[in-house]
Amino acid sequence: MASATAVNIGMMDPAYFVGRNHILSWINTSLRLNFSRIEEAASGAVHCQMIDMIHPGILPMHKVNFEAHAEHDMIHNYKLLQDAFNKLNIQKHVEVNKLVKGRPLDNLEFLQWLKRYWDSMNGGAVNGAPPETPSCPLDDHLQREIRSLNGQISELELSADCTERDRDLYFAKLRGIELLCRRPELENLSMAAAVRKILYAFDAAEGSLPS
């Protein structure tokens, strides 16, 4: 039976300050996966696997849909998970409607809680580990390198998102200017002609770039 102290934790518990990269590393190492985003665990299959590793046989793994993409398939997995919680007397409500939406924050918080429960059971040791021989733990230097690289990747992803938003914004503005210059009452003005010349010269220059 699960310990109440292992599952009843408040939002200020250190468990909820565990970072995304740490959670992903835990999932990938434990289940031999290669997730790069928290949302990839939204189907509920990962959660079922983790609980089955801690409590072998408590959850009918043959019923878990590992290819779940549709919400009704994900809901099925979370029902299996909630049934396992009930059998173990784990006082944790699975907020299925939030988790199946794939929102990163909702899924991260639930995985942070699950990691806390995992660590609380047998000091983090598991009963149903995968049959393959576990890989050797990474040394501290390599772990620091990985954390640093993950941080750089996150920064680059954020920068790329910002650049894409800026591109779309300025493209929309230029398109608006072009349409304005084509209005019948403006298209014959010298200013409108000059603006169109600049816009189309830019397009011509882009078209002349080597492939």
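Between beta-carbons, use under 14 Å as the cut-off and find the net charge around Asn150, counting Lys and Arg +1, Asp and Glu -1. Can you show the working numbers first?
Details: positive: Arg20, Arg37, Arg144, Arg147; negative: Glu145, Glu155, Glu157.
Neighbour charge sum, excluding Asn150 itself: +1.
Using a ≥ b ≥ c from the Cα gyration tensor of segment 53-112 (square roots of the eigenvalues), is it rounded, prolate or oblate, where a/c under 1.5 gives rounded and otherwise the larger of a/b and b/c decides, a/b for prolate? Don't skip to the end; give the middle numbers.
Values: a/c = 1.92, a/b = 1.24, b/c = 1.55.
Verdict is oblate for segment 53-112.
If you filter segment 12-106 for trypsin sites (Lys or Arg not before Pro), then keep DSSP loop positions with at most 11 other Cβ within 10 Å, what is left?
Numbers: sites: Arg20, Arg32, Arg37, Lys63, Lys79, Lys87, Lys92, Lys98, Lys101; in loops: Arg32, Arg37, Lys92, Lys101.
In loop regions of segment 12-106 (DSSP not H, G, I, E or B), the sparsely surrounded trypsin sites (Lys or Arg not before Pro) are Arg32.
Taking the Cα centre of segment 150-207 as origin, sum charge times position over the Cβ atoms of Lys and Arg (+1) and Asp and Glu (-1), and report the length of that vector in debye to the nearest 20. If you can, show how the numbers build up before the last one.
Details: 8 positive and 11 negative charges, 86 e Å.
Value, rounded to 20: 420 debye.
For a quick check of your reading of the filter: which GluC sites (Glu not before Pro) in segment 57-126 sit in a DSSP loop and have no more than 10 other Cβ atoms within 10 Å? Intermediate values should be presented prior to the final figure.
On the way: sites: Glu67, Glu71, Glu95, Glu109; in loops: Glu67, Glu95.
Those satisfying the criteria are Glu67.
Measure off 7 Å from each Cα along the Cα-to-Cβ vector at Arg103 and Leu33, then give the distance between these two points in nanometres to one decimal.
Placing both labels 7 Å beyond Cα along the Cβ direction yields 2.1 nm.
Bear in mind that the values in this text are calculations on the coordinates, not laboratory data. From a predicted model like this one, the values you see are computed outputs, not experimental measurements. FYI the Cβ positions are ideal-geometry reconstructions off the backbone, even for glycines, and counts take in every protein chain you see.
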